[in-house]
Ligand code: ADP
Ligand code: MG
(Lines give C-alpha, C1' and ligand atoms only; values in the text may rest on other atoms or scores of the structure.)
(Ligands and ions follow the chains in the order given, each with its own letter.)
Protein backbone atom coordinates (compact mmCIF):
# COMPACT_ATOMS: atom_id res chain seq x y z
CA UNK A 1 0.00 0.00 0.00
CA UNK A 2 1.12 3.60 -0.70
CA UNK A 3 2.52 5.51 2.26
CA UNK A 4 -0.28 7.27 4.12
CA UNK A 5 -3.05 5.04 2.78
CA UNK A 6 -5.32 3.51 5.41
CA UNK A 7 -4.65 -0.20 5.91
CA UNK A 8 -6.71 -0.97 8.98
CA UNK A 9 -9.68 1.02 10.21
CA UNK A 10 -12.09 0.69 13.12
CA UNK A 11 -15.35 2.58 12.64
CA UNK A 12 -17.54 3.34 15.65
CA UNK A 13 -16.61 0.11 17.36
CA UNK A 14 -18.45 -0.72 20.56
CA UNK A 15 -17.86 -3.88 22.60
CA UNK A 16 -20.07 -4.91 25.49
CA UNK A 17 -19.48 -7.72 27.93
CA UNK A 18 -22.93 -8.02 29.50
CA UNK A 19 -23.56 -4.61 31.00
CA UNK A 20 -19.93 -3.52 30.81
CA UNK A 21 -18.95 -1.29 27.87
CA UNK A 22 -15.30 -2.21 27.25
CA UNK A 23 -15.04 -0.13 24.03
CA UNK A 24 -17.40 2.74 23.41
CA UNK A 25 -17.73 4.07 19.83
CA UNK A 26 -14.01 3.78 19.11
CA UNK A 27 -12.77 4.93 15.70
CA UNK A 28 -9.15 4.91 14.61
CA UNK A 29 -7.03 4.01 11.62
CA UNK A 30 -3.56 2.72 10.89
CA UNK A 31 -1.81 4.01 7.79
CA UNK A 32 1.01 2.59 5.73
CA UNK A 33 4.30 4.03 6.93
CA UNK A 34 3.21 5.07 10.42
CA UNK A 35 3.63 3.87 13.97
CA UNK A 36 0.36 4.42 15.81
CA UNK A 37 0.38 3.86 19.57
CA UNK A 38 -2.67 2.95 21.63
CA UNK A 39 -2.28 3.94 25.28
CA UNK A 40 -4.43 4.22 28.37
CA UNK A 41 -4.67 3.07 31.98
CA UNK A 42 -5.31 -0.55 32.97
CA UNK A 43 -8.85 -1.58 32.16
CA UNK A 44 -9.23 1.15 29.51
CA UNK A 45 -10.11 -1.40 26.83
CA UNK A 46 -6.83 -1.68 24.89
CA UNK A 47 -6.71 -5.48 24.78
CA UNK A 48 -10.40 -5.67 23.89
CA UNK A 49 -9.78 -3.35 20.96
CA UNK A 50 -6.65 -5.24 19.92
CA UNK A 51 -8.63 -8.49 19.90
CA UNK A 52 -11.29 -7.01 17.64
CA UNK A 53 -8.95 -5.50 15.09
CA UNK A 54 -6.95 -8.73 14.91
CA UNK A 55 -9.98 -10.97 14.40
CA UNK A 56 -9.91 -12.70 17.78
CA UNK A 57 -13.25 -11.20 18.82
CA UNK A 58 -16.12 -9.38 17.09
CA UNK A 59 -17.47 -5.90 17.85
CA UNK A 60 -20.95 -5.64 19.34
CA UNK A 61 -21.46 -2.63 17.04
CA UNK A 62 -19.42 -0.92 14.36
CA UNK A 63 -16.97 -2.49 11.99
CA UNK A 64 -13.36 -3.25 11.32
CA UNK A 65 -12.00 -2.79 7.81
CA UNK A 66 -8.77 -4.35 6.67
CA UNK A 67 -7.53 -3.27 3.23
CA UNK A 68 -11.01 -1.82 2.60
CA UNK A 69 -12.73 -5.11 3.30
CA UNK A 70 -15.29 -5.13 6.11
CA UNK A 71 -14.37 -7.98 8.41
CA UNK A 72 -17.27 -9.94 9.80
CA UNK A 73 -17.06 -12.95 12.03
CA UNK A 74 -13.75 -13.92 10.53
CA UNK A 75 -11.29 -16.24 12.14
CA UNK A 76 -7.82 -14.77 12.67
CA UNK A 77 -6.35 -16.61 9.72
CA UNK A 78 -8.56 -14.62 7.32
CA UNK A 79 -7.08 -11.46 8.80
CA UNK A 80 -3.59 -12.89 8.25
CA UNK A 81 -4.38 -13.72 4.64
CA UNK A 82 -5.53 -10.12 4.11
CA UNK A 83 -2.29 -8.69 5.42
CA UNK A 84 -2.36 -8.55 9.21
CA UNK A 85 0.52 -9.74 11.36
CA UNK A 86 0.57 -9.65 15.14
CA UNK A 87 2.57 -10.53 18.22
CA UNK A 88 1.26 -11.50 21.64
CA UNK A 89 1.77 -9.86 25.03
CA UNK A 90 3.59 -12.94 26.28
CA UNK A 91 6.23 -14.51 24.07
CA UNK A 92 4.88 -17.57 22.27
CA UNK A 93 7.88 -19.37 20.87
CA UNK A 94 8.74 -23.04 20.80
CA UNK A 95 11.81 -22.69 23.00
CA UNK A 96 13.59 -25.87 21.97
CA UNK A 97 13.05 -25.19 18.26
CA UNK A 98 15.50 -23.07 16.34
CA UNK A 99 14.80 -19.44 15.56
CA UNK A 100 14.41 -20.24 11.87
CA UNK A 101 11.88 -23.00 12.57
CA UNK A 102 9.86 -20.65 14.76
CA UNK A 103 9.83 -18.00 12.07
CA UNK A 104 8.95 -20.54 9.35
CA UNK A 105 5.79 -21.25 11.30
CA UNK A 106 4.70 -17.67 10.57
CA UNK A 107 5.54 -18.02 6.89
CA UNK A 108 2.96 -20.76 6.67
CA UNK A 109 -0.34 -18.94 6.99
CA UNK A 110 -2.34 -22.10 7.49
CA UNK A 111 -0.04 -23.22 10.28
CA UNK A 112 -2.52 -22.67 13.07
CA UNK A 113 -2.55 -26.26 14.29
CA UNK A 114 1.08 -26.33 15.28
CA UNK A 115 4.41 -27.14 13.81
CA UNK A 116 4.27 -30.89 13.34
CA UNK A 117 0.77 -31.14 11.89
CA UNK A 118 1.35 -28.37 9.41
CA UNK A 119 4.83 -29.46 8.42
CA UNK A 120 3.77 -33.03 7.75
CA UNK A 121 1.46 -31.80 5.02
CA UNK A 122 4.23 -30.00 3.17
CA UNK A 123 6.48 -31.48 0.55
CA UNK A 124 10.20 -30.87 0.75
CA UNK A 125 10.14 -28.04 -1.79
CA UNK A 126 7.48 -26.18 0.17
CA UNK A 127 9.34 -26.67 3.42
CA UNK A 128 12.59 -25.40 1.87
CA UNK A 129 10.78 -22.31 0.56
CA UNK A 130 9.35 -21.58 4.00
CA UNK A 131 12.73 -21.94 5.67
CA UNK A 132 14.34 -19.67 3.06
CA UNK A 133 11.69 -17.02 3.61
CA UNK A 134 12.18 -17.36 7.37
CA UNK A 135 15.93 -16.76 7.01
CA UNK A 136 15.23 -13.70 4.90
CA UNK A 137 13.00 -12.22 7.62
CA UNK A 138 15.52 -13.04 10.36
CA UNK A 139 18.20 -11.20 8.37
CA UNK A 140 15.82 -8.30 7.83
CA UNK A 141 15.39 -8.06 11.60
CA UNK A 142 19.13 -8.19 12.27
CA UNK A 143 19.19 -11.62 13.95
CA UNK A 144 20.90 -13.58 11.16
CA UNK A 145 23.64 -14.92 13.42
CA UNK A 146 21.04 -16.53 15.70
CA UNK A 147 18.99 -18.30 13.03
CA UNK A 148 20.05 -21.81 14.08
CA UNK A 149 20.09 -21.57 17.86
CA UNK A 150 17.14 -22.64 20.06
CA UNK A 151 14.73 -19.74 20.57
CA UNK A 152 14.91 -20.19 24.35
CA UNK A 153 18.63 -19.41 24.34
CA UNK A 154 18.00 -15.81 23.28
CA UNK A 155 17.46 -12.84 25.57
CA UNK A 156 13.88 -11.58 25.95
CA UNK A 157 14.49 -8.60 23.67
CA UNK A 158 15.75 -10.90 20.92
CA UNK A 159 12.81 -13.27 21.41
CA UNK A 160 10.43 -10.36 20.91
CA UNK A 161 12.21 -9.58 17.64
CA UNK A 162 11.92 -13.24 16.59
CA UNK A 163 8.17 -12.90 17.11
CA UNK A 164 8.18 -9.85 14.87
CA UNK A 165 10.18 -11.77 12.24
CA UNK A 166 7.61 -14.56 12.49
CA UNK A 167 4.79 -12.08 11.90
CA UNK A 168 6.71 -10.56 8.96
CA UNK A 169 7.07 -13.98 7.37
CA UNK A 170 3.32 -13.84 6.66
CA UNK A 171 3.96 -10.76 4.42
CA UNK A 172 1.73 -8.40 6.40
CA UNK A 173 0.87 -4.81 5.44
CA UNK A 174 0.05 -3.98 9.04
CA UNK A 175 1.71 -5.20 12.22
CA UNK A 176 -0.03 -5.20 15.61
CA UNK A 177 2.25 -5.42 18.64
CA UNK A 178 0.92 -5.99 22.14
CA UNK A 179 3.27 -4.36 24.69
CA UNK A 180 6.46 -5.08 22.74
CA UNK A 181 8.71 -3.13 25.13
CA UNK A 182 7.41 -4.68 28.38
CA UNK A 183 10.20 -6.11 30.52
CA UNK A 184 12.99 -5.12 28.13
CA UNK A 185 16.28 -3.54 29.15
CA UNK A 186 17.20 -0.11 27.88
CA UNK A 187 19.41 -1.34 25.03
CA UNK A 188 16.82 -3.93 24.01
CA UNK A 189 14.20 -1.20 23.77
CA UNK A 190 16.56 0.80 21.58
CA UNK A 191 17.07 -2.20 19.28
CA UNK A 192 13.32 -2.74 19.09
CA UNK A 193 12.66 0.95 18.34
CA UNK A 194 15.34 0.87 15.62
CA UNK A 195 13.70 -2.17 14.02
CA UNK A 196 10.23 -0.60 14.09
CA UNK A 197 11.66 2.61 12.61
CA UNK A 198 13.17 0.53 9.80
CA UNK A 199 9.90 -1.34 9.16
CA UNK A 200 7.96 1.91 9.10
CA UNK A 201 10.39 3.27 6.49
CA UNK A 202 9.79 0.10 4.48
CA UNK A 203 6.10 1.06 4.40
CA UNK A 204 4.46 -1.07 7.05
CA UNK A 205 1.69 0.28 9.21
CA UNK A 206 2.37 -0.51 12.86
CA UNK A 207 0.10 -0.39 15.90
CA UNK A 208 1.67 -0.71 19.32
CA UNK A 209 -0.26 -1.12 22.54
CA UNK A 210 2.30 0.00 25.07
CA UNK A 211 2.70 1.23 28.64
CA UNK A 212 6.25 2.52 28.31
CA UNK A 213 5.68 6.21 27.70
CA UNK A 214 9.28 7.08 26.88
CA UNK A 215 9.28 4.36 24.21
CA UNK A 216 5.94 5.53 22.81
CA UNK A 217 6.76 9.23 22.79
CA UNK A 218 10.06 8.67 21.00
CA UNK A 219 8.66 6.31 18.38
CA UNK A 220 5.00 7.01 17.56
CA UNK A 221 3.77 9.24 14.76
CA UNK A 222 0.28 9.31 16.24
CA UNK A 223 -1.13 8.29 19.60
CA UNK A 224 -4.69 7.37 20.51
CA UNK A 225 -5.62 7.49 24.20
CA UNK A 226 -8.36 5.32 25.66
CA UNK A 227 -10.04 5.88 29.01
CA UNK A 228 -12.98 3.77 30.22
CA UNK A 229 -13.34 2.39 26.70
CA UNK A 230 -13.63 5.83 25.07
CA UNK A 231 -11.10 7.67 22.89
CA UNK A 232 -10.24 10.84 24.80
CA UNK A 233 -7.52 12.10 22.45
CA UNK A 234 -5.67 11.37 19.20
CA UNK A 235 -2.62 13.30 18.10
CA UNK A 236 1.12 13.57 17.80
CA UNK A 237 3.27 12.83 20.86
CA UNK A 238 3.64 16.57 21.49
CA UNK A 239 -0.10 17.12 21.28
CA UNK A 240 -0.79 14.20 23.59
CA UNK A 241 1.81 15.30 26.16
CA UNK A 242 0.17 18.73 26.30
CA UNK A 243 -3.44 17.53 26.35
CA UNK A 244 -4.97 18.43 29.71
CA UNK A 245 -7.52 15.64 29.64
CA UNK A 246 -4.79 13.07 28.99
CA UNK A 247 -2.62 14.53 31.73
CA UNK A 248 -5.51 14.29 34.18
CA UNK A 249 -6.54 10.78 33.15
CA UNK A 250 -3.23 9.12 32.65
CA UNK A 251 0.08 10.87 32.19
CA UNK A 252 -0.18 13.18 35.18
CA UNK A 253 -0.38 10.38 37.76
P1 ADP B 1 -6.77 -2.97 29.04
O2 ADP B 1 -6.17 -3.93 28.07
O3 ADP B 1 -6.74 -1.55 28.58
O4 ADP B 1 -6.17 -3.10 30.41
P5 ADP B 1 -9.16 -4.63 28.72
O6 ADP B 1 -9.56 -4.48 27.31
O7 ADP B 1 -8.44 -5.85 29.12
O8 ADP B 1 -8.34 -3.31 29.19
O9 ADP B 1 -10.46 -4.52 29.63
C10 ADP B 1 -11.43 -3.50 29.49
C11 ADP B 1 -12.61 -3.81 30.40
O12 ADP B 1 -13.32 -4.92 29.85
C13 ADP B 1 -12.20 -4.21 31.80
O14 ADP B 1 -13.16 -3.71 32.70
C15 ADP B 1 -12.24 -5.72 31.76
O16 ADP B 1 -12.50 -6.27 33.03
C17 ADP B 1 -13.38 -5.99 30.80
N18 ADP B 1 -13.22 -7.24 30.03
C19 ADP B 1 -12.23 -7.54 29.17
N20 ADP B 1 -12.41 -8.74 28.62
C21 ADP B 1 -13.55 -9.24 29.14
C22 ADP B 1 -14.30 -10.45 28.97
N23 ADP B 1 -13.89 -11.41 28.12
N24 ADP B 1 -15.42 -10.62 29.69
C25 ADP B 1 -15.84 -9.65 30.54
N26 ADP B 1 -15.21 -8.48 30.74
C27 ADP B 1 -14.08 -8.27 30.06
MG1 MG C 1 -4.54 -5.22 28.28
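The values are calculated or read from the model by the stated rules, or taken from the named source; none is laboratory data. Keep in mind the model is a prediction, meaning the values are calculated, not measured. Note that we place each Cβ from the backbone using ideal geometry, even for glycine, and neighbour counts take in every protein chain shown.
Couple of notes before you dig in:
- Just one of the listed residues (208, 225, 246, 216) is within 16 Å of ligand 2 (Cβ to nearest atom), in a helix (DSSP H, G or I) and within 22 Å of residue 26 (Cβ to Cβ), and it is 216.
- Answer residue from the stretch 180-216, given it is more than 18 Å from residue 84 (Cβ to Cβ) and within 16 Å of ligand 1 (Cβ to nearest atom) and is surrounded by the fewest Cβ atoms within 10 Å (Cβ to Cβ) among those: 211
- Scoring residue 5 on the criteria (1) away from ligand 1 (no atom under 15 Å from the Cβ); (2) closer than 30 Å to residue 241 by Cβ; (3) buried (at least 19 other Cβ atoms within 10 Å of the Cβ) leaves a single failure, condition (3).
- Total residues in the stretch 82-92 satisfying the condition of being assigned to a loop (DSSP other than H, G, I, E, B) and modelled with pLDDT of 90 or more: the figure is 1.
- Check on residue 62, over 19 Å from the mean Cα position of the chain (by Cα) and within 16 Å of ligand 1 (Cβ to nearest atom): yes
- Residue in the stretch 111-120 that is more than 18 Å from the chain's Cα centre (by Cα), under 28 Å from residue 17 (Cα atoms) and modelled with pLDDT under 80 present: no
- Pick from the stretch 19-47, criterion in contact with a helix residue (DSSP H, G or I) (Cβ under 7 Å, 6 or more places away or on another chain), within 8 Å of ligand 1 (Cβ to nearest atom) and in a loop (DSSP other than H, G, I, E, B), ranking: nearest to residue 174 (Cα to Cα): 40
- Within the stretch 48-72, considering residues that are in a strand (DSSP E or B) and at negative phi, the one surrounded by the fewest Cβ atoms within 10 Å (Cβ to Cβ): 70
- Check on residue 57, within 16 Å of ligand 2 (Cβ to nearest atom) and at pLDDT below 95: yes
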